[in-house]
Amino acid sequence: EVPLLESGGGLVQPGGSLRLSCVASGFTFSSWAMTWVRQAPGKGLEWVSTITSGGGRATYYADAVKGRFTISRDNSENTLYLQMSSLRAEDTAVYYCARTIVKYYGDLWGLGTLVTVSS
Amino acid sequence: DIQMTQSPSSVSASVGDRVTITCRASHDISTWLAWFQQKPGKAPKLLIYSASTFQSGVPSRFSGSGSGTDFTLTINNLQPEDFATYYCQQTDSFPHTFGQGTKLEIK
């Protein structure tokens, strides 16, 4: 059993939309803040977005995706989402979801899902 | 935004060597810093958080230190499985920026 499993990646045209999912198992999903991190081909890690646990569910975004991406969660389905719109070529990357511990350190990571934005 | 600068960008070393990687923050981040190891085609793995706290299961040859703006990751007695890329990340304030990475290669 994989604790975090991303899906929803694929090929999309510039300007298009895509929704990534990350299904959690083996831990109490609702208790943990969650984060998306991406990695463009051959490049380093880039923090994308974080959503807190609990009722407040505060959300935070990198400037590069603010206004285009929306992070959300469904605790009843143990699932984290990343809704991506107005996609650009520079959004091409492997997208990882991560569970975060104290002060948002990513201690548990998914396998990643590849998003390719190209015409 | 806080910028994180790692050095060196790459380093060559031999099994049994000691290696030190440095990460510098553009602003004081106290000890809100993590170190990750990533191997090709794999997800990052958390090694150290809060600058010097070991993640469970990480070998004791890894150690982290520093506070404020200057941090180091030291790997003693390098093992074959340690050859990978290492990243620092600050979580003091959003956006939670990563360093550009340090590739540790076999000499």
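Name the long-range amide H neighbours of A:Arg88: under 5 Å, sequence gap of 5 or more, or other chain; modelled H, no Pro or chain starts.
Amide H neighbours of A:Arg88: A:Gly15.
By counting other Cβ atoms within 10 Å of each Cβ, how are A:Glu77, B:Glu81 ranked from fewest to most?
In increasing order of surrounding Cβ atoms, one gets B:Glu81, A:Glu77.
Please give the net charge around A:Val48, taking every other residue with its beta carbon less than 13 angstrom from that of A:Val48, where Lys and Arg add +1 and Asp and Glu add -1.
-2
With N set to the residue count of segment A:1-90, report its C-alpha Rg divided by 2.2 N^0.38 Å to two decimal places.
Dividing the Cα radius of gyration by 2.2 N^0.38 Å gives 1.10.
Less than 20 Å from a label point 7 Å out along the Cα-to-Cβ axis of B:Ile106: which backbone N atoms in segment B:1-43 qualify, by residue?
Within reach of a label on B:Ile106, which here means backbone N under 20 Å from a point 7 Å along Cα→Cβ, segment B:1-43 contributes B:10-20, B:37-42.
DSSP beta bridges in chain A, what fraction antiparallel, as a percent rounded to 5? It would help to have the intermediate numbers written out before the result.
Numbers: 39 of 42 bridges.
Percent antiparallel among DSSP bridges in chain A is about 95.
Report the Cα centroid-to-centroid distance between segment B:27-73 and segment A:71-107 in angstrom, as an integer.
If you average the Cα positions of each part, the centres end up 22 Å apart.
Calculate the dipole size of segment B:2-107 relative to its Cα centre from +1 charges on Lys and Arg beta carbons and -1 charges on Asp and Glu beta carbons; express the result in debye to the nearest 20. Can you show the working numbers first?
Values: 8 positive and 7 negative charges, 54 e Å.
That gives segment B:2-107 a dipole magnitude of about 260 debye.
So what are the radius of gyration and Dmax for the Cα set of segment B:18-70, in Å?
Computed over the Cα atoms of segment B:18-70, radius of gyration and Dmax are 11.7, 33 Å.
With a 10 Å cut-off between alpha carbons and a GNM built on chain A, which of A:Thr28, A:Thr79, A:Thr92 moves the most?
Most flexible of the set in this elastic network: A:Thr28.
Considering only A:Asn75, A:Ser86, A:Ala33, whose Cα is most displaced toward the positive end of the charge dipole of segment A:1-113, charges sitting on Cβ of Lys, Arg (+1) and Asp, Glu (-1)?
The one lying farthest along the dipole's positive direction is A:Ser86.
Excluding residues fewer than 8 places away in the same chain, name every one of the lysines whose C-alpha is closer than 28 Å to that of B:Lys39.
In chain and number order, the partners are A:Lys43, A:Lys103, B:Lys103, B:Lys107.
For B:Gly68, list long-range residues whose amide hydrogen, built 1.01 Å from N in the peptide plane, is under 5 Å from its own amide hydrogen.
B:Ile29, B:Ser30, B:Thr31
Straight-line reach from A:Lys66: which aspartates and glutamates fall under 17 Å, measuring Cα to Cα and dropping same-chain residues less than 8 apart?
Within the straight-line limit of under 17 Å, A:Lys66 reaches these aspartates and glutamates: A:Glu46, A:Glu90, A:Asp91, B:Asp1.
Read-outs throughout are calculated quantities, based only on the coordinates presented, and are distinct from any laboratory measurement. Quick caveat, the model's predicted, so the values are computed rather than measured. Virtual Cβ from ideal backbone geometry, glycine too; neighbours counted across all protein chains shown.
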